[in-house]
Amino acid sequence: MSFFISLLEGTDASRQELEALPKMSAMLSRGLPPAEYQAFLHDLYYVVWHFCPTMAGAASRIDDRFLAVRYELYERIEEEKGHDDWVLEDLAAVGGDPARVRARPPSAPIQCLLAFNYHCADRGHPCSILGMLYSLEVIASAYAATLAQSIARSLGRDMDGPGFRFLLSHSAMDQDHVAKLNGLMKTIADPAAQEAIVNATRVNFYQFGRMFEPGGFTAHLT
């Protein structure tokens, strides 16, 4: 069995737990009111803003045993930079205030998610960054298009119009990224690296899920 299949099978329960969260399932089926979508984009902005710096930190510590991982991170950084601006553009299109988002931190669960990923990149096994990539890109590829459709319907908007660029673009983009990760994982045979990736995947699924519980993104509404 390839490591990618082992990763998928070993962490899919964590993905299913995320999908089963009441707030997550409600969003996917019924969308969000305007204020809650703005609050969701507030948290999402910080996830996206820190994506490239976290990858850069991990890439700086990856040695030549994992050269393919380092070069893949270089490519991802080039592809992903500037996408935080897309989130702010979507936010403004649905009546949010980008300046307010920049001035206020994300919810506590997202701060914990970001701190964990920076810690892994800086102090843990640098290949754990692939767990961050895998979990967040699986979330985007599996749910972003459905979420955009449900939110657009609940807001009475055209899904192809302003307000949904980030979700729709990453639904398709991250399907390709997950496929590339499949090939990249085949280059990783080191048990310590594999264990770090599996652990990071589970923690990212878990911590992202806390975003949909009390104290998550809706905390911005108070």
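Could you give the length gained by full extension between ASP158 and TYR74, i.e. 0.36 nm per residue of separation minus their alpha carbon distance, to one decimal place? Extra length from ASP158 to TYR74 when fully extended: 26.7 nm. Each of LEU113, ALA192, PRO162 was placed along the dipole of region 93-205 (beta-carbon charges, centred on the mean Cα), and the one lying farthest toward the positive end is PRO162. Spread over its residues, the convex hull of the C-alpha atoms of the chain is 106 Å³ per residue.
Once all protein chains are placed together, ASP176 keeps about 100 Å² accessible to a 1.4 angstrom probe.
Sites listed here are trypsin sites (Lys or Arg not before Pro) in region 105-212 whose DSSP assignment is loop and whose Cβ has at most 10 other Cβ atoms within 10 Å: ARG123. For the pair region 78-121 / region 1-53, the C-alpha centres are spaced 14 Å from each other. Under the membrane-span-like helix rule (DSSP H runs whose alpha carbons stretch at least 24 Å along the helix axis, mean Kyte-Doolittle hydropathy -1.0 or higher), the chain yields 3-20, 129-155, 165-185, 191-210. Between ALA115 and GLU89, the simple label model (points 7 Å from Cα in the Cβ direction) yields a spacing of 3.4 nm. Available extension along the chain between GLN16 and ASP63 is 13.5 nm, counting 0.36 nm per residue and deducting the alpha carbon span. Over the residues of the chain, the helix contribution to mean residue ellipticity at 222 nm works out to -24500 deg cm²/dmol, using -39500 (n - 2.57) for each DSSP H run of at least 4. Were the residues from ALA108 through ARG30 laid out at 0.36 nm apart, the gain over their Cα-Cα distance would be 25.6 nm.
The values are calculated or read from the model by the stated rules, or taken from the named source; none is laboratory data. Please read all numbers here as calculations on a predicted model, not as lab measurements. Positions of Cβ are backbone-derived with ideal geometry, glycine not excepted, and every protein chain shown enters the neighbour counts. Calculation scope for accessible area: heavy atoms of the full protein, side chains included, ligands and nucleic acids excluded. Shrake-Rupley method; radii C 1.70, N 1.55, O 1.52, S 1.80 Å.
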